[in-house]
Amino acid sequence: MSAPLFLSDHAALIAAVVIGIAFGWTLERAGLGSAKKLAGQFYLTDLTVFKVMFSAILTAMLGAFWLGRLGVLDLSRVYVPGTWLAPQLLGGAIFGAGFAIAGLCPGTSCVAAATGRGDGLAAFTGMFTGILVTGLAFAPLQRFYDSTSRGTLTLPEVLHLPYGTVVALLTGIALAGFAGAEWIERRQRAPEPEHARVATLVPEQEPQA
């Protein structure tokens, strides 16, 4: 018999607080409160962010799929946010630019601020200032905000494939992505060949007349 995981809003709020604290602690323990570590994502020197986030997506996807198959979770009651192409594309671009500039995303900026890092506090303050300004000046943005609605879309619907097939495909893509990330990081950590180091240490001599 399918049933929701929580029977009351009160229990759901308690679970949200506990999960949020655990998530923040995990991010800090993984070093993701450091802007330097997160910025390594853009330089292809440290792909921890990719591996952590893709692992979270994969875990949630497999968990929802198998819990649904076992009858523990009613997938029809799982909230799927709507799709608005233009505003979400613009929001994604702004998010990406802010991530690249600050070296922190919303979650990691909160972790960095909570642990006393100045850059985290600055990113946290800027994020909430942007939210406040957008909320106060939202009326002119309302039309754009509501534009290009596509309803609730899921990958099985978009790809016209069975749910299980999409889960299998994404699992394969994730495993390939993890292997690729490890290969890139190994190349970045590989020591410079000995002959190249010697060549840089020995000055080039001027040809004699």
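The values are calculated or read from the model by the stated rules, or taken from the named source; none is laboratory data. Owing to the predicted nature of the structure, the values given are computational and were not obtained by experimental measurement. Cβ atoms come from the backbone with ideal geometry, glycine included; neighbour counts cover every protein chain shown.
Taking the condition modelled with pLDDT under 95, closer than 30 Å to Ala100 by Cβ and surrounded by 11 or more Cβ atoms within 10 Å (Cβ to Cβ), does Leu132 pass?
Numbers: modelled with pLDDT under 95: yes; closer than 30 Å to Ala100 by Cβ: yes; surrounded by 11 or more Cβ atoms within 10 Å (Cβ to Cβ): no.
In short, no.
Just wondering, is there one or more residues in segment 6-14 that are surrounded by 12 or more Cβ atoms within 10 Å (Cβ to Cβ), touching a residue at least 24 places away in the same chain (Cβ under 8 Å), part of a helix (DSSP H, G or I) and touching a Phe, Trp or Tyr at 6+ places or on another chain (Cβ under 7 Å)?
Scanning segment 6-14 turns up no residue that is surrounded by 12 or more Cβ atoms within 10 Å (Cβ to Cβ), touching a residue at least 24 places away in the same chain (Cβ under 8 Å), part of a helix (DSSP H, G or I) and touching a Phe, Trp or Tyr at 6+ places or on another chain (Cβ under 7 Å).
Look through Gly116, Gly103, Gly91 and report the one residue that is crowded, with 16+ Cβ neighbours inside 10 Å, of a type outside the set (Val, Ile, Thr) and either farther than 16 Å from Thr152 by Cα or within 18 Å of the chain's Cα centre (by Cα) (or both).
Every option except Gly103 fails the conditions.
Sort out for me the helices (runs of 4 or more DSSP H) sitting completely within segment 97-193 that have 2 or more residues that are farther than 21 Å from Gly31 by Cα.
Filter on segment 97-193 gives 118-136, 142-145, 155-159, 163-189.
Only one of (1) touching a residue at least 60 places away in the same chain (Cβ under 8 Å); (2) surrounded by 14 or more Cβ atoms within 10 Å (Cβ to Cβ); (3) β-branched (Val, Ile, Thr) fails for Thr148. Which number is that?
Among (1) touching a residue at least 60 places away in the same chain (Cβ under 8 Å); (2) surrounded by 14 or more Cβ atoms within 10 Å (Cβ to Cβ); (3) β-branched (Val, Ile, Thr), Thr148 violates only (2).
Could you go through segment 152-165 and let me know if any residue there is among the small types (Gly, Ala, Ser), surrounded by 10 or more Cβ atoms within 10 Å (Cβ to Cβ), at pLDDT 90 or above and farther than 23 Å from Gln88 by Cβ. Show your work before the answer.
Let us first name the residues in segment 152-165 that are among the small types (Gly, Ala, Ser), namely 164.
If we keep only those that are surrounded by 10 or more Cβ atoms within 10 Å (Cβ to Cβ) too, we end up with 164.
Of the ones still in play, those that are also at pLDDT 90 or above are 164.
Add one more test, that the residue is farther than 23 Å from Gln88 by Cβ, and what stays is 164.
Yes, the conditions are met somewhere in segment 152-165.
Tell me, please, whether a residue that is in a helix (DSSP H, G or I), in contact (Cβ under 8 Å) with a residue 60 or more places away in the chain, basic (Lys, Arg) and more than 25 Å from Gly151 (Cα to Cα) can be found in segment 20-39.
Checked segment 20-39: at least one residue is in a helix (DSSP H, G or I), in contact (Cβ under 8 Å) with a residue 60 or more places away in the chain, basic (Lys, Arg) and more than 25 Å from Gly151 (Cα to Cα).
Out of all the residues in segment 56-88, which are surrounded by fewer than 13 Cβ atoms within 10 Å (Cβ to Cβ), over 30 Å from Gln142 (Cα atoms) and touching a residue at least 60 places away in the same chain (Cβ under 8 Å)?
Ile57, Gly71
Out of everything in segment 89-127 that is β-branched (Val, Ile, Thr) and in contact (Cβ under 8 Å) with a residue 24 or more places away in the chain, what residue ends up being farthest from Gly20 (Cα to Cα)?
Checked segment 89-127; the qualifying residue farthest from Gly20 (Cα to Cα) is Thr115.
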